[in-house]
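Comments concern the structure below.
What follows is calculated from the coordinates using simple rules that are stated; it is not laboratory data. It should be emphasised that the depicted structure is a prediction, and the values quoted were computed from it without experimental measurement.
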Ligand code: OTU
C-alpha cells in the first residue's frame with residue numbers, strides 16, 4: 001500500500017543510509033521494501049511511536065534489513081525469487097518432516113550429513129535440527145537457553161558445518177528448519193552479563209526490577225510454566241542485586257520487546273540464520289513475546305504485532321524463508337499466529353497443531369473419538385496461504401490443551417477428564433499399558449502434562465516386557481493409526497526421530513545431573529542405530545513400523561488431494577469410535593480420498609448409506625490405498641479392523 005507519510009519517511013531514510021548501502025544495486029530489496037514499508041512503519045509506530053528516538057530506531061531497522069540483504073548469497077536470492085513466483089510451494093503434499101537432535105541422532109552436524117540416507121529412505125525431506133546454538137552445557141534447556149545467537153555450539157560443530165549441511169540438504173531436495181529462540185536468552189548471554197555488570201543499555205533488554213513490588217503484581221496473573229523446576233516467573237540475581245523476569249527456567253531471561261533495540265537485534269538474528277541457508281525458522285515460545293501487568297503475559301495483541309513486524313521484515317530481505325509458530329496455547333488462540341483478518345499468513349506461515357496432537361492422545365486413552373471429532377470440527381479455520389504442522393510427539397511434554405467447552409460437550413468434566421488422561425498415560429489407571437511420567441505437575445492448580453516416547457505411551461514397552469503378542473500388535477497399530485492422521489490431515493507432518501523404529505523411554509538422562517530434574521529427557525535419548533538396522537529384518541517390530549510408515553509417506557506424496565488447500569471435510573458418522581474425513585481436489589471434486597480411522601480395539605462398521613450424502617458411493621472397487629486392494633463390504637457396510645485406518649479412493 002502507498003501512503004504519503006510513510007513514503008516520505010522512507011525517502012528520508014534512504015537518504016540517510018550509509019553510502020555503501022545506497023550505492024549497491026539492490027533492486028529487489030527496494031521493491032520489497034517499498035511494498036512492505038507502509039506495514040512496517042505502521043506497526044513500528046504503533047508499538048514504539050511514542051519514543052523520542054523513534055526515527056533513529058526506524059533507520060537502524062531498515063539498515064539491518066539492507067545489510068543482511070547485501071550479505072544474502074546469490075543462490076538464496078534466486079530461491080527467494082522462485083518461491084515468490086510459486087508462493088504456495090509449502091502447501092504441497094510432497095513435504096514430510098522429522099525433528100531430531102543432531103548429537104543424539106548422529107554425533108554432530110558432520111555426522112548428521114552422513115545419516116541423511118536414512119531419512120531419505122523413510123521419505124523425509126524436511127529436517128528440523130533441534131537447537132544447535134552455543135549454550136552453557138549445564139543450563140541449556142535442550143538448546144533453548146542460548147548464550148550466543150550467531151555461533152553453533154562447539155559440541156555440534158561450527159557455523160561452516162551448518163552451511164555445509166544446508167547445501168547438502170538442498171542438493172537432496174530437502175528443507176532445513178532451524179530454531180530462533182526469540183523470547184529469552186541464557187543468563188550467560190553477553191547482554192545478560194553486561195546487564196549484570198550494571199550497563200543500563202543491556203538492563204533495558206530484559207525485565208529487571210529493584211524489588212518485588214512490580215514482580216508481585218505480574219505474579220498475580222501469570223501462570224507458572226515449569227512449576228516444579230522453576231516456580232514463579234522472576235529470579236533474584238545476586239550479582240546485579242535485582243529481580244529478572246524468567247518465565248521458563250531461572251537461567252532463561254525474558255527479552256523485553258518494549259525496547260525496539262531488542263526487536264531489531266532479534267530480526268537481525270533471524271536474517272542471519274536465513275542467510276546461513278535455513279528454509280524455515282521455528283520461532284520458539286512466540287505466545288510469550290509481550291508481557292503486560294494484569295495479563296497472563298501470553299497471546300497479547302502486541303506479541304502478534306511483533307511477529308507481524310518480524311514477518312514483514314523477513315519478507316524484505318529473505319522472502320523465501322518461512323516461519324513456524326511454536327505457540328502451544330488454547331486451540332482458539334493458535335490459529336491467530338497465522339495472522340488475523342488476512343488471506344496470506346502475515347505472522348507465521350506454519351503453526352504447530354498442538355490442538356490436534358492433544359486430541360489424538362485423548363482418542364488413544366478413551367479409545368473413542370468423542371472429543372477428537374468435536375475438536376477437529378471446531379479447529380479454527382486457517383488462512384489460505386498458511387498450513388499446520390501436524391505431529392504426534394515432539395521433544396516436549398504433551399499438554400492437554402483442549403477447549404473446555406468441547407470437553408463438556410463430549411460429556412466429560414474438564415478437570416476429572418484431564419486427571420484421567422494423566423493417570424492413563426502414567427500407567428496409574430487400571431489396565432493402562434502406558435509408561436509415561438507426569439511433567440509440570442502443579443499442586444496449586446491440579447494441572448499436569450505428560451512425558452514419554454510415543455512407543456512407551458501407546459504400550460509397546462509394557463507389551464514387549466510381558467511378551468504379549470496381541471498387545472505388541474495393538475501398540476504398533478496405534479503408532480501407525482496416529483501417523484495415518486498426521487499424514488493425511490492437511491498440513492506438514494512432522495515425525496519425531498525415534499518414532500519410526502518404536503524407540504522406548506530411556507532413563508539415560510537420570511545419570512546426568514544437568515538433565516535429571518527434567519523428565520522430558522525420557523523421550524530425548526540417543527537414537528539406537530542397532531535397533532534401526534532391524535528395520536530391514538522382516539517381522540521385527542522396527543520393520544513393521546518403519547515399512548508401514550515408509551509406505552504411507554510415499555503414498556501421501558503421490559496423492560495430490562493430501563495437499564493443504566482447505567480441502568478437508570469432517571464427515572459425521574454415527575459411530576463414536578471413528579474419525580472420518582474426506583480430502584478432495586480443489587480443482588477436481590471427483591478426485592478424493594476418504595479417511596476412516598478406528599480408535600477402538602474392536603472392529604467397527606459403517607453403513608455405506610451414511611456416507612452417501614457426502615458423495616461417497618462406496619462400492620467394491622473403492623481401493624484402500626495402503627493395501628492396494630478393495631475393501632471388504634458386507635450387508636452394505638464396510639468394516640474397519642481394530643485400531644486401523646483406511647485411505648479410500650474411487
Ligand atoms: C518451548 O516450549 C520449547 O519447545 C521447550 O523445549 C523449551 O523448554 C521452552 O520453549 C523454553 O524455551 O514455550 O509456547 O509445556 O510446551 O515451554 C510453548 C512446555 C512453549 C512447552 C513450552 C513451549
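Quick rundown of the values:
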item: Cα-based shape type of the range 417-505, given that a ≥ b ≥ c are square roots of the gyration tensor eigenvalues and the cut on a/c is 1.5; result: oblate
item: Cα principal axis extents for the range 295-363, largest first, Å; result: 43, 30, 18
item: Taking the range 1-146 and dividing mean pair separation by its residue count, relative contact order in percent (alpha carbons under 8 Å, at least six apart); result: 17 percent
item: Alpha carbon convex hull of the range 250-336, volume per residue in cubic angstrom; result: 112 Å³
item: 5 Å-binned pair-distance histogram of the range 555-650 (Cα, whole percent); result: 3, 14, 25, 28, 19, 9, 2, 0
item: Zero-based 10 Å bins, Cα pair distances in the range 1-93, whole percents; result: 14, 42, 31, 12, 1
item: Cα centroid of the range 197-261 to Cα centroid of the range 427-503, whole Å; result: 36 Å
item: Isotropically averaged projected area of the range 471-532, using the convex hull of Cα atoms (one quarter of hull area), nm²; result: 5.6 nm²
item: Share antiparallel - DSSP beta bridges, the chain, percent rounded to 5; result: 60 percent
item: Reciprocal mean inverse distance between Cα atoms of the chain - Kirkwood radius, Å; result: 25.8 Å
item: Cα-Cα separations in the range 184-254 greater than 17 Å, expressed as whole percent; result: 36 percent
item: C-alpha long axis of helix 301-317 to longest principal axis of the chain, angle in °; result: 80 degrees
item: CD proxy at 222 nm, helix term only [per DSSP H run n ≥ 4: -39500 (n - 2.57); per residue of the chain; nearest 500]; result: -11500 deg cm²/dmol
item: Mean separation of Cα contacts under 8 Å (6+ apart) over length of the chain, as relative contact order %; result: 12 percent
item: On Cα atoms only, tilt of 4-16 relative to the major axis of the chain in degrees; result: 60 degrees
item: Cα centroid separation, the range 517-566 to the range 263-338 (Å); result: 30 Å
item: Cα-based equivalent ellipsoid, the range 84-211: semi-axes from gyration tensor eigenvalues, Å; result: 34, 18, 12
